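Asks: First, the structure itself, so that you have it in front of you.
The values are calculated or read from the model by the stated rules, or taken from the named source; none is laboratory data. Everything numeric in this text was worked out from a predicted model, so none of it was measured. Virtual Cβ from ideal backbone geometry, glycine too; neighbours counted across all protein chains shown. These area figures cover heavy atoms from the full protein model, side chains too; ligands, DNA and RNA do not enter into them. Shrake-Rupley method; radii C 1.70, N 1.55, O 1.52, S 1.80 Å.
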Amino acid sequence: MSEIRNYTMNFGPVHPAAHGVLRLVLELDGEVVQRADPHIGLLHRATEKLAESKPYNQSIGYMDRLDYVSMMCNEHSYVLAIEKLLGITVPKRAKYIRVLFSEVTRILNHLLWLGAHGLDIGAMTVFLYCFRDREPLMDAYEAVSGARMHATYFRPGGVYRDLPESMPKYESSQWRTQKSADELNQGRDGSLLDFLWEFTESFPSHIDDYETLLTDNRIWKQRTVGIGVVSPERAFQLGFSGPMLRGSGVIWDLRKNQPYEVYSELDFDIPIGKNGDCYDRYLVRVEEMRQSTRIIRQCIQWLRENSGPVIAKDFKVAPPSRKEMKDDMEALIHHFKLFTEGFCVPEGEAYAAVEHPKGEFGIYLISDGANKPYRVKIRAPGFAHLASMDELIRGHMLADVVAMIGTMDIVFGEIDR
Amino acid sequence: MDPEAIEQWKNTVHERVNDLIVCSDFKFGELTVEVESKQLIELCRKLRDEDGLHFEQLIDLCGVDYSTYGQMEWETDDASGGGFSRGVEPEISDRDVNWQKPRFAVVYHLLSITNGHRLRVRCFVPEKTLIIPSVTSIWASANWYEREAFDLFGIRFENHDDLRRLLTDYGFSGHPFRKDFPLIGQVELRYDATEKRCIYEPVSIEPRVLVPRVIRHDARYVENKKEEQS
């Protein structure tokens with residue numbers, strides 16, 4: 001009889017289920033994984049070092065490109081850290097806009113996660129439906145910032161500009177008839193808030209659709225129930241946060257436990273799991289989408305009733321308006337200084353964390369008083385999650401590797417930085 | 001959190017670990033304690049296990065290179081003669097170094113889920129050896145964070161089982177996040193059609209600084225400092 005040996009297999013870095021550029025070296029005994037060694041860094045761009053060589057306000061765009069499916073949440077923690085060091089207060093309307101878009105981003109992230117996770121373990125249909133729902137949210141991004149993904153919308157002191165009063169519309173052209181343009185323009189007659197309100201009316205029923213496709217689906221359950229079980233104690237040890245931690249039954253959400261912005265004024269619930277397996281984490285994320293919808297509705301109601309400035313009136317940090325710049329000498333100087341040299345941040349260090357769709361996303365800033373950060377450290381939730389891969393996957397089948405990668409909600413932009 | 005609770009919590013930390021820490025600092029609602037590397041493990045174990053502290057999560061661990069702390073790339077005093085163009089020296093010159101402490105530090109961010117507190121622990125790395133004890137035995141999540149700090153700063157962690165490079169390329173040399181490592185790197189990679197393989201060459205990009213690093217002493221913050229001191 002020939003000798004039987006373990007088999008080493010390379011998973012990725014270009015495997016479609018690797019969610020980016022993960023190279024996973026798996027040691028297999030038949031189909032059972034004995035050891036997994038993730039090799040990361042294939043997308044390492046040294047974002048932190050780049051940020052250290054640029055003025056503070058020029059790095060906001062880099063933050064979008066960290067976790068490139070939840071762009072504004074990354075910006076959020078970066079601007080919060082700067083604001084902490086500068087000690088400036090943000091106008092209330094800006095806080096509500098930030099929360100509104102943080103939750104829009106959470107839905108965007110979870111929809112992509114649900115679609116991709118479903119696709120990975122055999123549910124093609126969900127992917128297409130999820131992308132249908134991502135579309136209006138990306139349109140909201142575009143309406144407010146001009147970009148569908150990399151928005152650079154949050155700025156130290158507030159947000160770039162107020163919400164638009166009208167939504168951009170499709171026009172008929174050589175390739176699009178008037179009739180199809182009109183169809184696409186449905187719901188775009190009002191303001192951005194009306195557009196998002198309409199989304200929140202229809203979206204819960206769409207979540208129900210996803211749940212009828214998955215929640216009681218036999219194949220879905222076979223692939224997720226009892227896979228990658230994490231006890232709360234291990235979750236603490238492994239540095240888990242977000243849905244990965246809540247899936248194990250730990251009630252911990254920064255929005256509730258260490259509230260920032262206006263989360264303490266809003267009414268929402270924190271879903272938790274029971275068993276800490278892939279299925280529970282799926283249920284947690286689906287429920288989070290419903291809760292985000294609730295928060296979005298409360299924000300819209302508040303924003304409709306209250307107007308006001310959306311960025312701090314501190315011209316040392318936030319630029320004056322274009323109009324002011326044209327006829328006020330001092331405003332022009334401020335503008336020139338801000339866009340050539342940037343602003344100096346007083347000496348000190350600060351850590352600001354937000355409840356990012358994937359977990360706790362934090363920025364640790366050290367300033368030596370210059371116009372550029374001395375050290376930026378990005379605490380990416382996915383990094384800690386992926387680090388636990390070896391422990392979670394041991395003894396599981398090869399096919400479960402994909403389910404594990406999916407349930408961790410891995411995006412390499414943030415892990416490799 | 002109300003100020004009383006913060007004060008109480010600060011006192012708890014001080015009472016429990018006062019004999020282990022070098023100094024502490026409270027700013028922006030964040031408590032930082034500094035520890036010597038000899039006491040690090042004992043302190044961390046205490047922070048994790050004792051009632052009232054219970055820091056069961058290591059949220060983040062990162063290296064810091066303080067070697068150019070407080071240095072400017074552009075001294076504005078003599079700028080009018082030299083012009084406002086690119087009067088920038090990207091190289092670190094022998095200007096006065098403001099940093100008196102060791103060059104490298106490792107910063108730990110801890111989170112207590114039980115009490116809802118955060119704590120920052122800073123440990124300077126002995127300069128001769130660049131070795132500090134690993135905390136992987138206390139928090140398993142330290143594993144990759146320490147590999148990252150080793151990779152990017154060259155700080156070595158004693159008793160870490162698997163201290164390999166993490167983020168940089170296979171066969172990479174140097175520690176890219178040190179302040180003396182050039183931003184553009186040292187090698188570039190291209191595919192050579194005649195040799196039919198990828199080859200590494202020294203970088204061809206000229207380093208340049210678009211916006212010089214300047215430190216301006218803003219009167220508003222200077223006043224704040226005075227208030228704090230008094």
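Asks: What number goes with the only condition from (1) under 23 Å from the mean Cα position of the chain (by Cα); (2) among the basic types (Lys, Arg); (3) more than 12 Å from chain B (Cβ to nearest Cβ) that A:Arg5 does not pass?
Replies: (1)
Asks: Identify all residues within region A:52-68 that are open to solvent by less than 10 Å² (accessible area, probe 1.4 Å), more than 9 Å from every other protein chain (Cβ to nearest Cβ) and assigned to a loop (DSSP other than H, G, I, E, B); write none if there are none.
Replies: Hits for region A:52-68 are A:Leu66, A:Asp67.
Asks: Could you please find all residues in region A:33-44 being at the interface with chain B (Cβ under 10 Å from one of its Cβ atoms) and in contact with a helix residue (DSSP H, G or I) (Cβ under 9 Å, 6 or more places away or on another chain)?
Replies: Matches in region A:33-44: A:Asp37, A:Pro38, A:Ile40, A:Gly41, A:Leu42, A:Leu43, A:His44.
Asks: Would you kindly identify the helices (runs of 4 or more DSSP H) lying entirely within region A:317-414 that contain at least 1 residues that are of a type in the set (Phe, Trp, Tyr) and within 9 Å of chain B (Cβ to nearest Cβ)?
Replies: Correct list: A:381-387.
Asks: Residue check, A:Pro373 against (1) buried (at least 24 other Cβ atoms within 10 Å of the Cβ); (2) within 30 Å of A:Pro13 (Cβ to Cβ); (3) in contact with a strand residue (DSSP E or B) (Cβ under 7 Å, 6 or more places away or on another chain), all met but one. Which one?
Replies: (2)
Asks: Can you tell me which residue in region A:187-222 is surrounded by the most Cβ atoms within 10 Å (Cβ to Cβ), limited to those that are among the small types (Gly, Ala, Ser) and in a helix (DSSP H, G or I)?
Replies: Applying the filter and picking the extreme gives A:Ser202.
Asks: Among the residues of region B:46-59, is there at least one that is farther than 16 Å from B:Arg118 by Cβ, more than 13 Å from chain A (Cβ to nearest Cβ) and open to solvent by less than 20 Å² (accessible area, probe 1.4 Å)?
Replies: There is no residue in region B:46-59 that is farther than 16 Å from B:Arg118 by Cβ, more than 13 Å from chain A (Cβ to nearest Cβ) and open to solvent by less than 20 Å² (accessible area, probe 1.4 Å).
Asks: When you look at A:Asn74, is it modelled with pLDDT under 90 and either within 14 Å of chain B (Cβ to nearest Cβ) or within 15 Å of the chain's Cα centre (by Cα) (or both), yes or no?
Replies: In short, no.
Asks: How many residues does region A:291-315 contain that are touching a residue at least 40 places away in the same chain (Cβ under 8 Å) and open to solvent by less than 60 Å² (accessible area, probe 1.4 Å)?
Replies: Within region A:291-315, residues that are touching a residue at least 40 places away in the same chain (Cβ under 8 Å) and open to solvent by less than 60 Å² (accessible area, probe 1.4 Å) number 14.
Asks: Tell me whether region A:349-369 contains one or more residues that are open to solvent by 20 Å² or more (accessible area, probe 1.4 Å) and free of Cβ contacts under 8 Å to residues at least 12 places away in the same chain.
Replies: No, region A:349-369 has no match at all.
Asks: Exactly one of these conditions fails for B:Ile215: (1) at pLDDT below 90; (2) in contact with a helix residue (DSSP H, G or I) (Cβ under 6 Å, 6 or more places away or on another chain). Give me its number.
Replies: If we test B:Ile215 against (1) at pLDDT below 90; (2) in contact with a helix residue (DSSP H, G or I) (Cβ under 6 Å, 6 or more places away or on another chain), just (2) comes out false.
Asks: Something else now. For region A:316-348: of the residues being among the aliphatic types (A, V, I, L, M) and surrounded by fewer than 17 Cβ atoms within 10 Å (Cβ to Cβ), which is farthest from B:Val33 (Cα to Cα)?
Replies: A:Met329
Asks: Oh, and also: Which members of region B:148-170 meet the condition of being in contact with a His (Cβ under 6 Å, 6 or more places away or on another chain) and either closer than 19 Å to A:Leu24 by Cα or open to solvent by 40 Å² or more (accessible area, probe 1.4 Å) (or both)?
Replies: Scanning region B:148-170 gives a single hit, B:Leu167.
For every residue, the table says whether it meets (1) modelled with pLDDT of 90 or more; (2) surrounded by fewer than 13 Cβ atoms within 10 Å (Cβ to Cβ); (3) basic (Lys, Arg).
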site: B:Ser93; (1), (2), (3): no, yes, no
site: B:Asp96; (1), (2), (3): no, yes, no
site: B:Leu111; (1), (2), (3): yes, no, no
site: B:His117; (1), (2), (3): no, no, no
site: B:Phe124; (1), (2), (3): yes, no, no
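Asks: Within region B:143-159, is even one residue in a loop (DSSP other than H, G, I, E, B), without any contact (Cβ under 8 Å) to a residue 24 or more places away in the chain and of a type in the set (A, V, I, L, M, F, W, C)?
Replies: no
Asks: In addition: If only one of A:Ala116, A:Ala123 is among the small types (Gly, Ala, Ser) and more than 17 Å from the chain's Cα centre (by Cα), which one is it?
Replies: A:Ala123 is the lone residue from the list that is among the small types (Gly, Ala, Ser) and more than 17 Å from the chain's Cα centre (by Cα).
Asks: Out of all the residues in region A:236-288, which are hydroxyl-bearing (Ser, Thr, Tyr), open to solvent by less than 10 Å² (accessible area, probe 1.4 Å) and not in a loop (DSSP other than H, G, I, E, B)?
Replies: Listed by number, the residues that qualify are A:Tyr263, A:Tyr282.
Asks: Continuing with the same structure: Which residue out of A:Lys84, A:Lys49 is open to solvent by 40 Å² or more (accessible area, probe 1.4 Å) and at pLDDT 90 or above?
Replies: Result: A:Lys84 is the single residue among A:Lys84, A:Lys49 that is open to solvent by 40 Å² or more (accessible area, probe 1.4 Å) and at pLDDT 90 or above.
Asks: Moving to a separate point now. Return the residues of region B:171-202 that are in a loop (DSSP other than H, G, I, E, B), surrounded by 10 or more Cβ atoms within 10 Å (Cβ to Cβ) and among the β-branched types (Val, Ile, Thr); say none if nothing qualifies.
Replies: Scanning region B:171-202 gives a single hit, B:Ile184.
Asks: Still on this structure, I have one more. Between B:Val121, B:Val125, which is within 27 Å of A:Glu52 (Cα to Cα), away from chain A (no Cβ under 13 Å) and β-branched (Val, Ile, Thr)?
Replies: When all the criteria are applied, what remains is B:Val125.
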